[in-house]
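Below is one structure; the comments refer to it alone.
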């Protein structure tokens, strides 16, 4: 089940935190709850990604993006992710979720997100996310202009460009109604 309580808490608390600029980092302090763990008992691999939503929500609220999205009747969408896992996050243990915007490729925005305990990385993700309207994906430049940002300086690191290129080589199934064959 989606962590609605945690999401609501983050969204409400984010309104009272200091504003962030697009190149600032969002840091959340969370605790692994009963609905976050698997049989081992540690935060489930899929739940890492779900909890990372919360970091992007915090950043979106604190930069003013969420207000723009609501005014324009736009939506937030994830287009892809790559995750690496290093250490477990045990049940009921506190951990930190850090989120920072790396840049955009004209269409998509790219975020680096990490979870950590005791200053040691537990998981790290590269998340490709965008803003959608009823006409489709809103160009990143339009989103930036609408936010009133005139000093955009974020350039994608080489490793992100390599990931984008590799993702472009990955084949899609021929027919979306057929099961994926590899």
Query raised in the report: Of the numbered conditions (1) within 18 Å of residue 130 (Cβ to Cβ); (2) in contact with a helix residue (DSSP H, G or I) (Cβ under 8 Å, 6 or more places away or on another chain), residue 71 satisfies every one except a single condition; which is it?
Result: (2)
Query - Selected residue [surrounded by fewer than 19 Cβ atoms within 10 Å (Cβ to Cβ) and modelled with pLDDT under 95] from 116, 22, 35 - result: 35
Report summary line: Filtering the stretch 119-147 down to residues that are surrounded by fewer than 18 Cβ atoms within 10 Å (Cβ to Cβ), farther than 19 Å from residue 79 by Cα and touching a helix residue (DSSP H, G or I) at 6+ places or on another chain (Cβ under 9 Å) yields 146, 147
Report summary line: Per the filter on the stretch 37-46, residues closer than 18 Å to residue 84 by Cα and either in a loop (DSSP other than H, G, I, E, B) or in contact (Cβ under 8 Å) with a residue 40 or more places away in the chain (or both) are 37, 38, 42, 43, 44, 45
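With the condition kept exactly as written, say whether any residue in the stretch 54-62 is over 23 Å from residue 166 (Cα atoms) and either modelled with pLDDT under 95 or assigned to a strand (DSSP E or B) (or both). Spell out the reasoning first.
Keep residues of the stretch 54-62 that are over 23 Å from residue 166 (Cα atoms), which gives 54-62.
Right, trim to either modelled with pLDDT under 95 or assigned to a strand (DSSP E or B) (or both) and you get none.
No - not one qualifying residue is present in the stretch 54-62.
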Query raised in the report: For the stretch 77-92, how many residues meet the condition of being farther than 22 Å from residue 59 by Cβ and buried (at least 16 other Cβ atoms within 10 Å of the Cβ)?
Result: 2
**Report entry** Failed criterion for residue 107 (all others in (1) touching a residue at least 40 places away in the same chain (Cβ under 8 Å); (2) outside any strand (DSSP E or B) hold)
**Finding:** (1)
Query raised in the report: Looking at the stretch 1-36, which of its residues are touching a residue at least 60 places away in the same chain (Cβ under 8 Å) and under 15 Å from residue 91 (Cα atoms)?
Result: 29, 30, 31, 32
Report task. Please indicate, with yes or no, whether at least one residue in the stretch 39-46 is in contact with a strand residue (DSSP E or B) (Cβ under 8 Å, 6 or more places away or on another chain) and under 22 Å from residue 100 (Cα atoms). Result -> yes
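Looking only at the stretch 81-117, how many residues end up being more than 14 Å from residue 27 (Cα to Cα) and more than 10 Å from the chain's Cα centre (by Cα)? Talk me through it step by step, then tell me what you get.
First pass over the stretch 81-117, keeping only residues more than 14 Å from residue 27 (Cα to Cα): 81-93, 102-110.
Now narrow it down to the ones that are more than 10 Å from the chain's Cα centre (by Cα): 82-93, 102-108.
Going through the stretch 81-117 one residue at a time, the tally reaches 19.
The values are calculated or read from the model by the stated rules, or taken from the named source; none is laboratory data. Since this is a predicted model, take the numbers as computed values, not measurements. So basically every Cβ, Gly included, is an ideal-geometry build from the backbone, and we count neighbours across all protein chains shown.
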